[in-house]
Amino acid sequence: MPVGSRPAQENAQPSGPVAVPTAIAVRQQLERLLVHPLFSNSKRYPALLAHTVEQTLKGNSSELKERSIGIDVFGRSPSYDANADPVVRITAGEVRKRLVQYYYDSTHDGELVIELPIGSYVPVFHLPEPPPEPELPAPVPEPPQQSVAPPLIAVTPPPHPRAVRWLWAAALAVGACAVGLVAGSALGLVGGGWYHDHQARSTPPSDIDRFWAPITAGTTTATYCLGEPAKSLEAGSINSLEPPSPNSKPEPLYFRLHQSGLFALADVITLTQTAAALETRHKAFRVVPASDASFAQLREGPIVLIGAFDNIWTLRVTQKLRFGFDSKDGVALIVDRKSPKQTTWATAWDLPYEKLSRDYAIVARIHDSTTGQPVIIAAGISEEGTESAGEILYNPVYLQSLLAKAPPNWEQMNMEAVIETQVIEGHPGPPTVLAVEAW
């Protein structure tokens, strides 16, 4: 229940069921959030969150405006232009996303919830939801003996949202621990090179089978490499194949245990949907964060790269391709290196998250000369682009829209495509293929 503009009671202990979080409980939860890597690795995000929570607890929520926050938290002058300097809006948008990521991790179930609603700088506080009551199935009346009862159809109720979230968190934990998901040996034979011939089977291979053939071939373990939105990438590290330099101080154990909270939901959706192509062929694969993926590790077998600006390996691999990612003059964009002046696939970095109306992404299926391995890429400028790009990799209808623009012998070629998706209320629409390069 939101606290609103009234101060929360500091030490009141309600006699009946608790309806409103106390200020003590809110501050304790705030401390948990601020030490989590989603916030502790930044200066701006914890500053804004702590300021808005504290002012709300003190009853000053009416003063939480963009200009006042810019002055009090970020040291802007009283006359600063909020339109030209949208630091408050950008930071608030990131805080909202990181709060969602934090509470999406099932390890935080049962904790008090702090939200920052869209369009407001006043946080609201909710008590944790109690676990749902198990639903007892309705008794089925016995049919009269003189008649034959119709067959019963078992209807499975939809999973509770908390159960769905647990499943996502489990997938995230897999990536965090870099656990290999071994599904047995791969079907098929390696035919003397990168591509392989499918074994004779009763039905011809689908387009999905043929597209994923370089990844599912052979017996080596494939690697899913996911980006980490909560980590910043240094541009200078793109050209280096060395792992990121270690921190000046050891990473706390809490950071390592909760690495799972740093993955974007769109990346996990793409992982879980596309992994079916490997699981049905008993192909062994593992999931690792981009910062933990070493060059030697990626040389061991096929690679699937998910995410762009939060995945250093995607940036490294695509910098040698016709279509790649770049960031300049406050704009994130996909560049066409054959026609650099005509690139229009771009999004401003300071665009408020809720105003994103379209996103762009790259889908690629190549043989990477640096690692010597086949690589499949699904990477968007924003998370929505990544999720839409992932749909091409597992939805035969959308994959066909890409293959329709590819040469007839595409199976023996490298391919790269730029796609566009419309974004409505934070959800991507169907992917539209804008350009295809094959070689």
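Values as computed for the structure displayed
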read-out	value
Residue that is farthest from Glu228 (Cα to Cα), among those in segment 43-53 that are in contact (Cβ under 8 Å) with a residue 24 or more places away in the chain and open to solvent by 10 Å² or more (accessible area, probe 1.4 Å)	Ala47
Candidates Ala25, Ala92, Ala50, Ala82 - the one that is of a type in the set (A, V, I, L, M) and within 20 Å of the chain's Cα centre (by Cα)	Ala92
Those residues of segment 83-122 which are in a loop (DSSP other than H, G, I, E, B) and open to solvent by less than 30 Å² (accessible area, probe 1.4 Å), in sequence order	Pro86, Asp105, Leu112, Leu116
Within segment 355-383, considering residues that are in a strand (DSSP E or B) and more than 16 Å from Tyr224 (Cβ to Cβ), the one farthest from the chain's Cα centre (by Cα)	His367
Condition met for Val3 (modelled with pLDDT under 90, in contact with a helix residue (DSSP H, G or I) (Cβ under 9 Å, 6 or more places away or on another chain) and not in a helix (DSSP H, G or I))	yes
Residue check for Ser388: open to solvent by 30 Å² or more (accessible area, probe 1.4 Å), farther than 24 Å from Ser294 by Cα and among the hydroxyl-bearing types (Ser, Thr, Tyr)	no
Subset of segment 291-306 that is of a type outside the set (Lys, Arg) and surrounded by fewer than 22 Cβ atoms within 10 Å (Cβ to Cβ) - its residue that is modelled with the lowest pLDDT	Ser291
Selected residue (criterion: surrounded by the most Cβ atoms within 10 Å (Cβ to Cβ)) from residues of segment 55-77 that are touching a residue at least 24 places away in the same chain (Cβ under 8 Å) and of a type in the set (D, E, K, R)	Glu66
Unique match (being farther than 17 Å from Ala361 by Cα and acidic (Asp, Glu)) among Asp292, Asp326	Asp292
Residue satisfying all of: in segment 265-290; in a loop (DSSP other than H, G, I, E, B) and touching a residue at least 60 places away in the same chain (Cβ under 8 Å); surrounded by the fewest Cβ atoms within 10 Å (Cβ to Cβ) among these	His282
Pick from segment 391-439, criterion more than 24 Å from Ala275 (Cα to Cα) and among the acidic types (Asp, Glu), ranking: most open to solvent (accessible area, probe 1.4 Å)	Glu425
Residue in segment 255-264 that is part of a loop (DSSP other than H, G, I, E, B), within 30 Å of Pro428 (Cβ to Cβ) and modelled with pLDDT under 65 present	yes
The listed residue being farther than 18 Å from Val317 by Cα and of a type in the set (Lys, Arg), out of Arg365, Arg358	Arg358
Conditions (1) open to solvent by less than 60 Å² (accessible area, probe 1.4 Å); (2) under 26 Å from Ala266 (Cβ atoms); number of the one not met by Tyr80	(2)
Subset tally (residues that are touching a residue at least 60 places away in the same chain (Cβ under 8 Å), outside any helix (DSSP H, G or I) and under 19 Å from the mean Cα position of the chain (by Cα)) for segment 385-423	4
Subset of segment 321-336 (residues that are outside any strand (DSSP E or B) and modelled with pLDDT of 90 or more)	Leu321, Arg322
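The rows are residues; the columns are (1) open to solvent by 10 Å² or more (accessible area, probe 1.4 Å); (2) within 30 Å of Lys283 (Cα to Cα); (3) of a type in the set (Val, Ile, Thr); (4) without any contact (Cβ under 8 Å) to a residue 24 or more places away in the chain.
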residue: Ala308; (1), (2), (3), (4): no, yes, no, no
residue: Asn311; (1), (2), (3), (4): no, yes, no, no
residue: Thr314; (1), (2), (3), (4): no, yes, yes, no
residue: Lys320; (1), (2), (3), (4): yes, yes, no, no
residue: Gly324; (1), (2), (3), (4): no, yes, no, no
residue: Asp329; (1), (2), (3), (4): yes, no, no, yes
residue: Ala332; (1), (2), (3), (4): no, no, no, no
residue: Val335; (1), (2), (3), (4): yes, no, yes, yes
residue: Ser339; (1), (2), (3), (4): yes, no, no, yes
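The values are calculated or read from the model by the stated rules, or taken from the named source; none is laboratory data. Treat the numbers as computed from the prediction; the structure is a model and nothing was measured. Don't worry about glycine lacking a Cβ; one is built from the backbone with ideal geometry, like all the others, and counts go over all protein chains shown. Areas reflect the complete protein model, heavy atoms only, side chains present, ligands, DNA and RNA absent. Shrake-Rupley method; radii C 1.70, N 1.55, O 1.52, S 1.80 Å.
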